[in-house]
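Some notes on the structure that comes next.
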Amino acid sequence: MMKLVGIVGSNADFSYNRLLLQYIKKHFKSLVDIEILEIKDIPLFNQSLDQTDNAPIQKLNRKILNADGVIIATPEHNHTIPAGLKSVLEWLSFKIQPLSNKPVMLVGASYYNQGSSRAQLHLRQILEAPGVNAIVMPGNEFLLGEVKEAFDEQNNLKDQGTVDFLKTCLEKFINFIQVLSSMNEPQKDLSEEEDLEATGKIDTTIEGIDMSAEDWVEQASAKVDAAEGDTYVKLNRGVLTVNQLNALLASMPMELTFADSNNQFLFYNYTEDKAEMFAGRVPGQVGNPLANCHPPATYKNVKWVLSQLRHGKQDVVRIHVPTHGPDKYVVHSYQAMHDDSGNYMGVNEYVLDFQPIIDWYLQQTGQRLAKDETVEVDATSSASTTQSEQADSVSGASEKASADSVSSASVKA
């Protein structure tokens, strides 16, 4: 059974958030084994007085490290988390980092109908900060408002709908942990067969040309007498010239990239210079094997993602990359491609800023994303700061020397 720790985000003698964790532990014991941890004995953080080796801090450190995941229950004090909880997180990101890459679920109870929404927002931002680096489950926020009326005399939640939603959140958190675990431990029997050097041969491989050549496109086109310009191409439901196809692909409101089943990078819809792209590429990289497009440190995870798509374990892998700015919601998607018989043909990466679409939809429908329009919502719900590098790990031709690749939030999909 999956082992979790639940951290009470209050150091008060009586806390409804402690009551909530106790209810979760008791009511869902068939799903998970939860150990509840207190922060009452953790000293106030003071960088000048290092108490990292303090027994309560080290106990918390060990418990988190040995757990499969963490649930934090936070009250809301003055629109944010309690000072005691913030102090604990300071210790856990000072000289020790037990929350690094640890799956975390947020819950919270408050006296008013907001249900600690603002505290959870701030807590999410803290947990995703450099030095903490927790992997917070996106969405599925459990916000228990008007908590004084929520429990009966036996400290059970009264409302069945609330109980059902809490169970759904917990089940999704279990799945979230399992997905992250599978990503951190790639299936060797599938991924080891991925040849990032593209030394094999498929029916569409153009042989006799150096894949790393800057003018690979020109050489390959000449060798196979590739159609170009106003030459017509018959498609499955259309007839277009090559110029029309290029214009059509260039007009797509996203960055497109294709690598074939031999793991050779063959196409991207070149419309902008690398510096202007979400996932930078340069023309001379087309034709390269994927091994040339990524630093060796990323190979293991690149192979895992490719094997997931090749063997049908997942049809698409998606990553939200928050480093493009607060006015954008950029998602990198890696989509498996198949022929009419279902055979794997390669991977199509498409990179899209969803924010304009979201804004247009809200404007057209008169809807809004949050009930409280005064709240400044952080759209980077779970992606870590390393994901801009991670997102380029499958079919993109990046020149970044990242030390990691798709390893955590990616398949947060």
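Quick notes
- Only helices (runs of 4 or more DSSP H) whose full extent lies in segment 135-230 are considered here, and the ones with at least 3 residues that are of a type in the set (S, T, Y) are 160-184.
- Test: residue in segment 50-60 that is of a type outside the set (D, E), within 26 Å of L166 (Cβ to Cβ) and crowded, with 22+ Cβ neighbours inside 10 Å: yes
- Qualifying residues in segment 269-299 (those that are over 16 Å from F258 (Cα atoms) and assigned to a helix (DSSP H, G or I)) - the one least open to solvent (accessible area, probe 1.4 Å): T298
- Condition check for K328: open to solvent by 30 Å² or more (accessible area, probe 1.4 Å), assigned to a loop (DSSP other than H, G, I, E, B), closer than 24 Å to M183 by Cβ and in the same structural domain as M345 (by the TED database): no
- Residues satisfying the stated conditions in segment 331-345, i.e. touching a strand residue (DSSP E or B) at 6+ places or on another chain (Cβ under 6 Å) and outside any strand (DSSP E or B): D339
- Scanning segment 80-108 for residues that are assigned to a helix (DSSP H, G or I) and among the small types (G, A, S), we see that the one that is farthest from D50 (Cα to Cα) is A83.
- Residues in segment 30-47 include at least one that is hydroxyl-bearing (S, T, Y), more than 23 Å from P138 (Cα to Cα) and either modelled with pLDDT under 95 or crowded, with 21+ Cβ neighbours inside 10 Å (or both).
- First in segment 72-99 and assigned by the TED database to the domain that holds F142 and open to solvent by 10 Å² or more (accessible area, probe 1.4 Å), second anywhere and modelled with pLDDT of 95 or more and among the basic types (K, R), Cβ under 7 Å, 6 or more apart: none
- Selection over segment 10-37 of residues that are part of a loop (DSSP other than H, G, I, E, B) and farther than 19 Å from S93 by Cβ gives a count of 9.
- Of the residues making up segment 12-26, at least one is within 16 Å of L106 (Cα to Cα), open to solvent by 70 Å² or more (accessible area, probe 1.4 Å) and without any contact (Cβ under 8 Å) to a residue 24 or more places away in the chain.
- Residue check: G6 meets all listed conditions (1) modelled with pLDDT under 95; (2) of a type in the set (G, A, S); (3) on the phi < 0 side of the Ramachandran plot but one, namely (1).
- Pair list, Cβ < 9 Å and 6+ apart or interchain, from segment 266-287 residues that are in the same structural domain as A220 (by the TED database) and closer than 19 Å to S333 by Cα to residues that are open to solvent by less than 10 Å² (accessible area, probe 1.4 Å) and among the basic types (K, R): Y268/R281; Y270/R281; K274/R281
- Any hit, segment 159-168, residues being in contact (Cβ under 8 Å) with a residue 40 or more places away in the chain, in the same structural domain as A67 (by the TED database) and open to solvent by less than 80 Å² (accessible area, probe 1.4 Å): yes
- Flag if Q314 is in a loop (DSSP other than H, G, I, E, B), touching a strand residue (DSSP E or B) at 6+ places or on another chain (Cβ under 9 Å), open to solvent by 20 Å² or more (accessible area, probe 1.4 Å) and at pLDDT 85 or above: yes
The values are calculated or read from the model by the stated rules, or taken from the named source; none is laboratory data. Model, not experiment: these values are computed from the prediction. Please note: Cβ atoms are built from the backbone with ideal geometry, for glycine as well, and neighbour counts cover all protein chains shown. SASA here: full protein model, heavy atoms, side chains in, ligands and nucleic acids out. Shrake-Rupley method; radii C 1.70, N 1.55, O 1.52, S 1.80 Å.
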